[in-house]
Amino acid sequence: MAKFKLNVAEPKTGKASTSELEGPKAKPLLGRAIGETVDGSTIGISGKKVMITGASDKDGIPQRADVHGGGKKQIILTRGIGFKAKKAQRERKLVRGRMITEETYQVNLTIIEPESSMKSSDSQKENKGKS
């Protein structure tokens, strides 16, 4: 059964919280990809939408959004997630694909404000400016 450690970031406040999902509660995340949005109520955050921003497996191998699938792959990197390069440096590194699988241990999420509340907050700002 899948067990995930969730790191949920809230950009509005700049705070992050951690929680764990195990068993049937973790199933909604299986098969999802980095960059997808998920309804927060399926993972215990009611009334919010969350975007998957990254993940890593039990060995600490990072998952990259530009690698297909969920398995381990050795790719040549010049920069980005999983590799900090100096000028003109390239290296073959082991990374995982973008799909969340049973081997994934940590999932990074960011809370996205629903569009309807964003529109209402924009209209409130406009009304304050007119006063």
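The values are calculated or read from the model by the stated rules, or taken from the named source; none is laboratory data. Please read all numbers here as calculations on a predicted model, not as lab measurements. We place every Cβ from the backbone using ideal geometry, glycine too, and count neighbours over all the protein chains shown.
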Residue in segment 66-74 that is in contact with a strand residue (DSSP E or B) (Cβ under 9 Å, 6 or more places away or on another chain), surrounded by 13 or more Cβ atoms within 10 Å (Cβ to Cβ) and closer than 18 Å to Ala16 by Cβ present = no
ask   = Within segment 1-43, which residues are touching a Lys or Arg at 6+ places or on another chain (Cβ under 9 Å) and free of Cβ contacts under 8 Å to residues at least 12 places away in the same chain?
value = Asp39, Ser41
ask   = Just for segment 48-64: of the residues that are surrounded by 16 or more Cβ atoms within 10 Å (Cβ to Cβ) and hydrophobic (A, V, I, L, M, F, W, C), which one is nearest to Arg32 (Cα to Cα)?
value = Ile52
request  = Mind listing just one residue for me: the one in segment 45-66 that is at pLDDT 90 or above and small (Gly, Ala, Ser) and, of those, farthest from Gly31 (Cα to Cα)?
outcome  = Gly60
Segment 98-113 residues that are within 12 Å of Val38 (Cα to Cα), paired with ones that are acidic (Asp, Glu) and assigned to a strand (DSSP E or B) (beta carbon under 7 Å, 6 or more apart) = Ile111/Glu10
task = Give the residues of segment 67-90 that are more than 15 Å from Thr104 (Cβ to Cβ), in a loop (DSSP other than H, G, I, E, B) and at pLDDT 90 or above, sorted by residue number.
result = His68
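Being among the hydroxyl-bearing types (Ser, Thr, Tyr), part of a strand (DSSP E or B) and modelled with pLDDT of 90 or more, is that true of even one residue in segment 108-117? Even if it seems obvious, please write down each step before you answer.
Taking segment 108-117 as the starting set, the residues that turn out to be among the hydroxyl-bearing types (Ser, Thr, Tyr) are 110, 116-117.
When the remaining residues are screened for being part of a strand (DSSP E or B), the result is 110.
When the remaining residues are screened for being modelled with pLDDT of 90 or more, the result is 110.
Taking every residue of segment 108-117 in turn, at least one turns out to be among the hydroxyl-bearing types (Ser, Thr, Tyr), part of a strand (DSSP E or B) and modelled with pLDDT of 90 or more.
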message = As an exercise: evaluate Lys12 against (1) surrounded by 13 or more Cβ atoms within 10 Å (Cβ to Cβ); (2) out of contact with any Ser or Thr (no Cβ under 6 Å at 6 or more places or on another chain) and give the number of the one condition it does not meet.
response = (1)
request  = Search segment 15-38 for residues being of a type in the set (Val, Ile, Thr) and surrounded by 15 or more Cβ atoms within 10 Å (Cβ to Cβ), and hand back the single one that is modelled with the highest pLDDT.
outcome  = Ile34
remark   = A careful count of residues in segment 44-65 that are over 19 Å from Ile81 (Cβ atoms) and touching a Lys or Arg at 6+ places or on another chain (Cβ under 7 Å) gives 0
inquiry  = I want to confirm something. Restricting to segment 83-99 and keeping residues that are over 18 Å from His68 (Cα atoms) and aliphatic (A, V, I, L, M), which single residue is surrounded by the most Cβ atoms within 10 Å (Cβ to Cβ)?
reply    = Ala85
